[in-house]
Amino acid sequence: MLNQEKVILMTRMASYESGKGKDHLRIGRYFRSDYVALSLIKAIFSITISFIFGVAIYVYYHFEEYMANIYELDFLELGRQFGKYYLILLVVYVAISYIVCMAQYINARVNIGRYKSSLKKLRKINKAQKED
């Protein structure tokens, strides 16, 4: 005979595993510090590439102006200015990424805990059915 509680529990667990559970279980394989460090490395890499593209687009847009004043340009000051903007952007983006990654990790661990609790409950139901 089918146990309705077992069916509901298994359906809920299967839905979780095929939905958000995929991401949560992937995140849960890491230690918190490892997950955050890996995410921050990805963030630093992506913001660096994005900044390079942004600078290239900016220079391309103002290329005629730069070429007209090429001998009067202070490239060291220009480099410092771009470096300052890069560092500001990097710090802000990394801080936001850190907060988001920590929230994702905590959320994943909480949901994995609920999932493991459901697994324990399912084991108890199976054990009770075998004894009957």
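Going by what's in this entry, would L38 be described as in contact with an Asp or Glu (Cβ under 8 Å, 6 or more places away or on another chain) and closer than 26 Å to R114 by Cα? Taking the combined requirement at face value, the residue does not satisfy it. Residues of the range 17-51 that are surrounded by 16 or more Cβ atoms within 10 Å (Cβ to Cβ) and of a type outside the set (A, V, I, L, M): G21, H24, G28, Y35, S39, F51. Please specify each residue of the range 59-95 satisfying the condition of being open to solvent by less than 70 Å² (accessible area, probe 1.4 Å) and among the aromatic types (F, W, Y). Selection gives Y66, F82, Y86.
Pairs are defined by a Cβ separation below 7 Å, a sequence spacing of at least 6 or placement on different chains, a first member in the range 38-64 that is under 28 Å from M102 (Cα atoms), and a second member that is among the hydroxyl-bearing types (S, T, Y) and open to solvent by 100 Å² or more (accessible area, probe 1.4 Å); the pairs so defined are L40/Y98. Considering A56, A14, the condition of being within 30 Å of Q4 (Cβ to Cβ), open to solvent by less than 80 Å² (accessible area, probe 1.4 Å) and over 19 Å from the mean Cα position of the chain (by Cα) is satisfied by A14 alone. What is the one condition in (1) within 30 Å of A95 (Cα to Cα); (2) touching a helix residue (DSSP H, G or I) at 6+ places or on another chain (Cβ under 7 Å) that L73 does not satisfy? Just one mismatch for L73, condition (1).
The values are calculated or read from the model by the stated rules, or taken from the named source; none is laboratory data. What you see is a predicted model; the values in this text were computed from it and never measured. Cβ coordinates were reconstructed from backbone atoms using ideal geometry, including for glycine residues, and neighbour counts include every protein chain displayed. Heavy atoms of the whole protein, side chains included, go into the accessibility calculation; ligands, DNA and RNA do not. Shrake-Rupley method; radii C 1.70, N 1.55, O 1.52, S 1.80 Å.
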